[in-house]
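A quick write-up on the structure given underneath.
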Amino acid sequence: MGCNSSKSVDSKANRAARWRSTGIVGLRDSKLKSFPDEILDLDRSVRTLDLTHNKIVDIPMEISKLVNLQRLVLAHNLIDRLPINLAKLESLKVMTLDANRVTSLPDELGQLVRLEQLSISGNSLQYLPETIGSLRNLKLLNVSNNKLKSLPESIGSCFSLEELQADDNSIEDLPESVCNLVHLKALCLDNNNVKQIPTNLLKDCKALQNISLHGNPISMDQFQQMEGFQEFEARRKKKFDKQIDSNVMISSKGLDEGVDH
């Protein structure tokens, strides 16, 4: 038993040494019920942390010790809230929290100014904080499968945003500020309650190539009559022609990108 115990300590030490040298901590599917303290002891060494598919309920305040963390992946856990100290992870570029139980995001989220990807689909969010507009480097925002009724006006200040996924919510309308998102390429709003979209959306969002509005009470006629529709259609067609030329496999849903009749 003594031998087994020393082996276990040895392998733990080896594991910690490996994490420290690579900067990558991967503990997917490890049946964890709590956040491992041993990770916090690595402080500045950790750049990527992946704890997907566990049963973690809480993220400790001490996570702020991981000051060089760039990728935080906590999908498929039981997390119901985020600590405000998360905001101290100033190097964070990617945060994935899909399939948890999060009901709200702290206002301090806006301090993660280097964040480029935020994915928090399959949670119970009822709103997004106005401070999300401070995320000027955010390129991808995925809030699909939540309980959102609207998007904040400040979303229009996420100037780098290229992809906004908000399928399967209860969103009724979009803020006019969405028209400020000049780099936006994809806007996914399937299965919401959207009756109309901002008048200038197609005209002002000149990079837009894909809008998906299936399962909403908006008509194709309304959409086609919007200013900028012809230019949008041309961009969309060009995108798919390019993909077909490159022999990229496209699902049938991928080609069906307008709005439902």
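The values are calculated or read from the model by the stated rules, or taken from the named source; none is laboratory data. As the structure is a prediction and not an experimental result, all values here were calculated from the model. Heads up, the Cβs are rebuilt from the backbone with ideal geometry, glycines too, and the neighbour counts pull from every protein chain shown.
Quick notes on this one:
- Residues in region 140-161 that are surrounded by 17 or more Cβ atoms within 10 Å (Cβ to Cβ) and either of a type outside the set (G, A, S) or in the same structural domain as D98 (by TED's automatic domain parsing) (or both): L140, L141, N142, V143, N145, N146, L148, L151, P152, I155, C158, L161.
- Exclusive hit being at pLDDT below 95 and of a type in the set (A, V, I, L, M, F, W, C), set I155, I120, I171, I197: I197
- Any hit, region 175-196, residues being under 22 Å from the mean Cα position of the chain (by Cα) and among the acidic types (D, E): yes
- Contact map, region 38-64: first residue in the same structural domain as E90 (by TED's automatic domain parsing), second residue of a type in the set (S, T, N, Q) and part of a helix (DSSP H, G or I), Cβ cut-off under 6 Å, separation 6 or more or different chains; pairs are M61/N85; S64/N85.
For (1) of a type in the set (F, W, Y); (2) crowded, with 19+ Cβ neighbours inside 10 Å; (3) modelled with pLDDT of 85 or more, each residue gets a yes or a no:
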| site | (1), (2), (3) |
| --- | --- |
| V182 | no, no, yes |
| L189 | no, yes, yes |
| K206 | no, no, yes |
| K242 | no, no, no |
| M249 | no, no, no |
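- Hits in region 107-130 (condition: among the acidic types (D, E) and part of a loop (DSSP other than H, G, I, E, B)): E116
- Test result for L72, buried (at least 18 other Cβ atoms within 10 Å of the Cβ), free of Cβ contacts under 8 Å to residues at least 60 places away in the same chain and not assigned by TED's automatic domain parsing to the domain that holds L125: yes
- Pairs where the first residue, in region 93-119, is acidic (D, E) and the second is in a strand (DSSP E or B) and modelled with pLDDT of 95 or more, C-beta under 6 Å, 6+ apart: D98/S119
- The conditions of being closer than 21 Å to G156 by Cβ, of a type in the set (G, A, S) and surrounded by fewer than 19 Cβ atoms within 10 Å (Cβ to Cβ) are met by G228.
- L128 being closer than 25 Å to S34 by Cα and at pLDDT 95 or above: no
- Counted as qualifying within region 1-106 are the strands (runs of 3 or more DSSP E) with 1 or more residues that are touching a helix residue (DSSP H, G or I) at 6+ places or on another chain (Cβ under 9 Å) and over 28 Å from Q126 (Cβ atoms), namely 24-26, 48-50.
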